[in-house]
Amino acid sequence: MNHAKPSLAWCLGLIFAAASAGAQQPASEAADLILEHGAIRVDGGWVEALAIRQGVIIAVGDQASVRVHRGAATRIVDLAGATVVPGLHDMHVHPISAGLQQAECRFAQGTAGAQVLAAVKACVATRSRGEWVTGGQWDAASFGPQGMQLRQLDAVSPDNPVVLTDISYHSVWANSQALRLARIDRRTTNPPGGVIERDARGEPTGVLRESAAGLVRALLPLPTAAQNQQALRWSMDAMLRQGITSFTDALVDEEGLRAYAALADAGQLHQRVRACQIWRQSPRPVADSAAGFAVQRNLWARPRFQPDCVKIALDGVPTDSHTGAMLEPYVDTDGHGDERARGMLMVPAENLGAAVSAFDAAGLVVKMHAAGDGAVRAGLDAIAATRAANGDSGLRHDIAHNSFADQADLRRAKGLSATLEMSPYIWFPNPIIPDVVKAVGPERMLRWTPVRDAIDAGALVVPGSDWSVVPSVNPWLALETLVTRQRPGGGGEVLGASQRISLEQAFDLFTVNAARQMGNQGRTGRIARGMLADLLVLDRNPFRIPVTEVHLTQVRAVVIEGVLVRGELKGVGSQD
Ligand SMILES: [Zn+2]
């Protein structure tokens, strides 16, 4: 670069060029769309109006300063006082399974055992003999003290194989037909990273955890390309309705990548999407896996679709299944044996460090499922090994869930440029909570999902719903309960009061923080001159109502890059 002083003539030339550009400014800066008379959330406060040109916000401010950008073709929308906020991000969703489940045998979370069996019986009656019946989501506590017995499931489905997912998606309950097809019996040993639960006589109960569930799931008929695309369209619309303009699909296979690319090519992909391809340990060298993921990323990437993330499961869930990897033992260890006293780590430390380093070197961001504090530590150790081997690549790898995390580990995140993704949709209303309390005891629940501690430690914290593992993808519910730590609407038990944050902080998780994690800082997450116009028009101002009403917020209109993709902008086309 040349740092020599410019000559006087050169300076005059510059001034002349600036003056002529100034003269042309009204034409070049005319807005396509002006929103006015609103309450528009910007950094540090509120403004009345904004102007958009070619999908970019070119002005924010008062009526007069924004009206300067009015040209002959500008559409002016009178917001009549409505609130406008940046589009929200959900950093952990499973949209294709959410959509496919609509056609499955469904029963609400927390359904009592007898009703679960009745629902399965009704579903079986609609299927042909031998056809698979899939569905969910059960929890062990709803079956009472006598537990889940294989003969109950066999009684309602003697001729059809059945496989039902639990509320965590980490376990399934299969009937004898399904076990037979998967060749699981009393002689079958547990697969690596999985558990076949057995009764006192050593016979399988039908409950299969983690990789053991895969033995049955592998037999299910695969959805067609058209079914995958239909499922994705349905889910993306469900998310748009709630104001989610960007999201991360936390687990895609090749068929999933194809579905996104097909919708993008058909002009049906509105949101900005990152997708994580799943890595499972195998004898294959990790460098081969990294190269394979890079091929898929480059094949299926489209505008607004970046499949540049790899997902790794470090543990399971800290429930009755005891598969979450904990630093201290579970409190209800009876019945599970010593080998699961502290849960399970799925990937040995040296393999994990080598894998994250290889993916980092290939330009891939790694998202690691870690529910227990032992798994969180293992994930951060792997990121530390990666930074030591590769230096700081600038890629922000993230630890997902962090249901339990040691203070000392939270403090490591900032220095490692590691992101902590929290799941603030899990606490209420959700039958998984009593199950977790029973397994870990009340003391560790005082810091359940330690959002406040993570923010105070300087970590980048982002939110993820984990939908459809949780029943709702509604971010307004999470925004409220991050503040209250109570059930939506308030009242009842407070879960982890020390971890409450302000609504402003909660909002930052869904906007600026998440945008940064997606690599979109400077593009999305804020309303400011120069940012892309990803905006929501709301039916109320969440910052000016009691916090216990935030979950009721409705999204009236969704604008992505200046284009209305859902709802209505009142006054579109009117000039005043
Ligand atoms: Zn998930």
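The values are calculated or read from the model by the stated rules, or taken from the named source; none is laboratory data. If you're wondering where the values come from, they're calculated on a predicted model, not measured in any experiment. Cβ coordinates were reconstructed from backbone atoms using ideal geometry, including for glycine residues, and neighbour counts include every protein chain displayed. When the accessible area is computed, the model is the full protein with side chains, heavy atoms only, and any ligands, DNA or RNA have been set aside. Shrake-Rupley method; radii C 1.70, N 1.55, O 1.52, S 1.80 Å.
Annotation note: Cβ proximity below 8 Å between a residue of region 524-545 that is more than 20 Å from GLN242 (Cβ to Cβ) and touching a residue at least 12 places away in the same chain (Cβ under 8 Å) and a residue that is open to solvent by 20 Å² or more (accessible area, probe 1.4 Å) and in a loop (DSSP other than H, G, I, E, B) (sequence gap 6+ or interchain) occurs for ALA528/ASP43; GLY530/GLY522; MET531/GLY522; MET531/ARG523.
I need a count of the residues in region 454-492 that are of a type in the set (Asp, Glu) and either under 17 Å from PRO542 (Cα atoms) or in contact (Cβ under 8 Å) with a residue 24 or more places away in the chain (or both). Steps first, please.
As a first pass, look at region 454-492 and keep what is of a type in the set (Asp, Glu): 456, 466, 480.
Within this subset, residues satisfying the condition of being either under 17 Å from PRO542 (Cα atoms) or in contact (Cβ under 8 Å) with a residue 24 or more places away in the chain (or both) are 466, 480.
Matching residues across region 454-492 total 2.
Looking at (1) surrounded by 22 or more Cβ atoms within 10 Å (Cβ to Cβ); (2) in contact with a Cys (Cβ under 7 Å, 6 or more places away or on another chain), can you tell me which one CYS123 breaks? The number of the failed condition is (1).
Mind listing just one residue for me: the one in region 167-197 that is of a type outside the set (A, V, I, L, M, F, W, C) and within 28 Å of ASN430 (Cβ to Cβ) and, of those, surrounded by the most Cβ atoms within 10 Å (Cβ to Cβ)? Checking each candidate, the answer is SER171.
With respect to GLU421, is the statement that it is within 21 Å of VAL93 (Cβ to Cβ), surrounded by 17 or more Cβ atoms within 10 Å (Cβ to Cβ), away from the ligand (no atom under 16 Å from the Cβ) and among the acidic types (Asp, Glu) true? Criteria not met by GLU421.
Within region 222-272, the set of residues being in contact with a strand residue (DSSP E or B) (Cβ under 9 Å, 6 or more places away or on another chain), over 25 Å from GLY525 (Cβ atoms), part of a helix (DSSP H, G or I) and open to solvent by 10 Å² or more (accessible area, probe 1.4 Å) comprises GLU254, ASP265. When GLY135, GLY130 are screened for being small (Gly, Ala, Ser) and over 22 Å from the mean Cα position of the chain (by Cα), only GLY130 passes.
Residues that are touching a residue at least 12 places away in the same chain (Cβ under 8 Å) and among the small types (Gly, Ala, Ser) were ranked within region 395-410; the one that is farthest from the ligand (Cβ to nearest atom) is ALA405.
Among ALA119, ALA125, ALA103, ALA98, which is within 16 Å of the ligand (Cβ to nearest atom) and not β-branched (Val, Ile, Thr)? I'd like the intermediate steps shown before the answer.
Values: ALA119 fails: within 16 Å of the ligand (Cβ to nearest atom); ALA125 fails: within 16 Å of the ligand (Cβ to nearest atom); ALA103 fails: within 16 Å of the ligand (Cβ to nearest atom).
That would be ALA98, the only listed residue that is within 16 Å of the ligand (Cβ to nearest atom) and not β-branched (Val, Ile, Thr).
Residues of region 549-568 include at least one that is out of contact with any Gly (no Cβ under 7 Å at 6 or more places or on another chain), hydroxyl-bearing (Ser, Thr, Tyr) and crowded, with 17+ Cβ neighbours inside 10 Å.
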